[in-house]
Amino acid sequence: MKLHMLVIAAHPDDAEICVGGTLLHMRAAGQAIGIVDVTRGEMGTRGSADDRAAETRAANAILEPALRENLGLPDGRVQVTVEARERLARLMRECAPEIVLAQHVDDLHPDHAATGRLAREAWYLSGLARLAELDGGPPAARAKRLMHFMGHVPFEPTLVVDIGAVWERKIELVRCYASQLQPASTQDRGQHFLFGADILGRMETRARFFGERIGKRYGEPLLSSGPLACADPALWF
């Protein structure tokens, strides 16, 4: 299986909330996309692991990813172990994406930060021939580009993806995760969220802010691990 873009995210719904618009754009362009959820979200205050699995299936029906995998690491306790990073590196070699998107390594949620580090290390290891031979799977193959998407900690993006054309579809996509958008009980006032329980509202605020910075209505910020090449300056100016 050959992918154009692979997203690595800590929990089911992280990919859709943070880069759902980018993924929808890729699909509209006929590109193969994949998502790896590192945990099943079983420790979340809202929704069970079964709820999250059903919601992920609903989101998949909209996104139609060529690949959706779950590493099954313990929610709330993600660690960058040798076993975990080599499992992810093998998966990267198997689907050979052109681009990998992952959570940023600087995030207030420990699982998000650990997932960012896990993705970065696995991305590097996926290109090592001797490790690939030792694993006995596909040959070494490293994505050309690793980029990070924004979580709880803002950064100055390398680029902002214009998602105005797919904004309504992104809202539909995120609404698949209904358990995360409403209180689980009368005691649940969303106090476990750092910046408020209105996920859709916060998502729109960020998208509007970064969209305005590129002269568009909605945008998703991405941070490159290095400079981006530009063979034709007319594409940028």
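Give me a comma-separated list of calculated 3J(HN,Hα) values for the range 222-231, in order, Karplus coefficients 6.51, -1.76, 1.60 applied at θ = phi - 60°, integers in Hz, x for any Gly or Pro.
Calculated HN-Hα couplings, in order: 10, 10, 7, 6, x, x, 9, 6, 9, 7 Hz.
Say the dipole of the chain comes from +1 at the beta carbon of Lys and Arg and -1 at that of Asp and Glu; which of Gln103, His11, Leu228 then lies farthest toward its positive end?
Going by the Cα projections, it comes out as Leu228.
Just how large is the dipole of the chain about the Cα centre, in debye to the nearest 20, putting +1 at every Lys and Arg Cβ and -1 at every Asp and Glu Cβ?
Values: 28 positive and 31 negative charges, 73 e Å.
Its charge dipole is roughly 340 debye.
What accessible area per residue, rounded to a whole number of Å², is obtained for the range 110-167 using a probe radius of 1.4 Å? Can you show the working numbers first?
Details: 2700 Å² over 58 residues.
Ligands and nucleic acids excluded, the result is 47 Å² per residue.
Give, in nm to one decimal, the length gained when the segment between Phe209 and Leu181 is fully stretched (0.36 nm per residue of separation minus the Cα-Cα distance). Kindly include the intermediate steps, with their values, before the conclusion.
Working: separation 28, 0.36 × 28 = 10.08 nm, distance 2.17 nm.
Residue separation times 0.36 nm, minus the Cα-Cα distance, leaves 7.9 nm.
Filter the chain for me: DSSP H helices, axial length by Cα at least 30 angstrom, mean Kyte-Doolittle hydropathy not below -1.0. List them by residue number. Let's see the in-between values first.
Values: long enough: none.
Membrane-span-like by this rule: not one helix.
Fully extended, how many nm does the chain gain between Leu228 and Glu168 (0.36 nm per residue separation, minus their Cα-Cα distance)?
Working: separation 60, 0.36 × 60 = 21.60 nm, distance 2.93 nm.
Result for the pair: 18.7 nm of gain on full extension.
Based on the mean of other beta carbon atoms within 10 Å per residue, what is the order of 102-110, 153-161, most packed first?
Working: 102-110: 19.7, 153-161: 15.3.
Ranking the peptides 102-110, 153-161 by packing returns 102-110, 153-161.
Mind listing the long-range amide H neighbours of Leu101? Cut-off is under 5 Å, sequence gap 5 or more, other chains count too, H placed in the peptide plane at 1.01 Å from N.
Leu6, Val7, Ile8, Met147
Taking amide H atoms as placed 1.01 Å from N in the peptide plane, list the residues 5 or more away in sequence, or in a different chain, whose amide H sits under 5 Å from that of Tyr218.
Ile163, Gly164
Take the range 100-185, drop everything but the C-alpha atoms, weight them equally and run the Debye formula without solvent; then report log10 I(q)/I(0) at 0.12, 0.21, 0.22 Å⁻¹ to two decimals.
Reported log10 I(q)/I(0), two decimals: -0.57, -1.08, -1.10.
Where does the chain land at 222 nm, in deg cm²/dmol rounded to the nearest 500, when only DSSP H runs of n ≥ 4 count, each adding -39500 (n - 2.57), divided by all residues? Each step should come with its number before you reach the end.
Details: 7 runs with 91 residues, N = 237.
The helix-only estimate for the chain comes to -12000 deg cm²/dmol at 222 nm.
Along the principal axes of its C-alpha atoms, what lengths does the chain span, in descending order and rounded to whole Å?
The Cα atoms of the chain stretch 55, 45, 31 Å along their principal axes.
What share of Cα pairs, in percent, lie more than 24 angstrom apart in the range 1-128?
On the way: 1775 of 8128 pairs.
Tail of the P(r) past 24 Å holds 22 percent of the pairs.
Sorted from largest down, give the three principal axis spans of the alpha carbons of the range 17-57, whole angstrom values.
36, 16, 15
Springs between alpha-carbon pairs under 10 angstrom, Gaussian network model over the chain: which of Arg208, Arg175, Arg117 fluctuates most?
Checking each option, the largest mean-square fluctuation is seen for Arg208.
Quantify, in whole percent, the carbon and sulfur part of the accessible surface of the range 52-144 (1.4 Å probe; protein heavy atoms only).
On the way: 2240 of 4460 Å².
Using a 1.4 Å probe with all protein chains present, the range 52-144 comes out at 50 percent carbon and sulfur.
The values are calculated or read from the model by the stated rules, or taken from the named source; none is laboratory data. Worth saying up front: this structure is predicted, and the values here are computed from it rather than measured. So basically every Cβ, Gly included, is an ideal-geometry build from the backbone, and we count neighbours across all protein chains shown. The accessibility values were calculated without ligands, DNA or RNA, using every heavy atom of the protein model including side chains. Shrake-Rupley method; radii C 1.70, N 1.55, O 1.52, S 1.80 Å.
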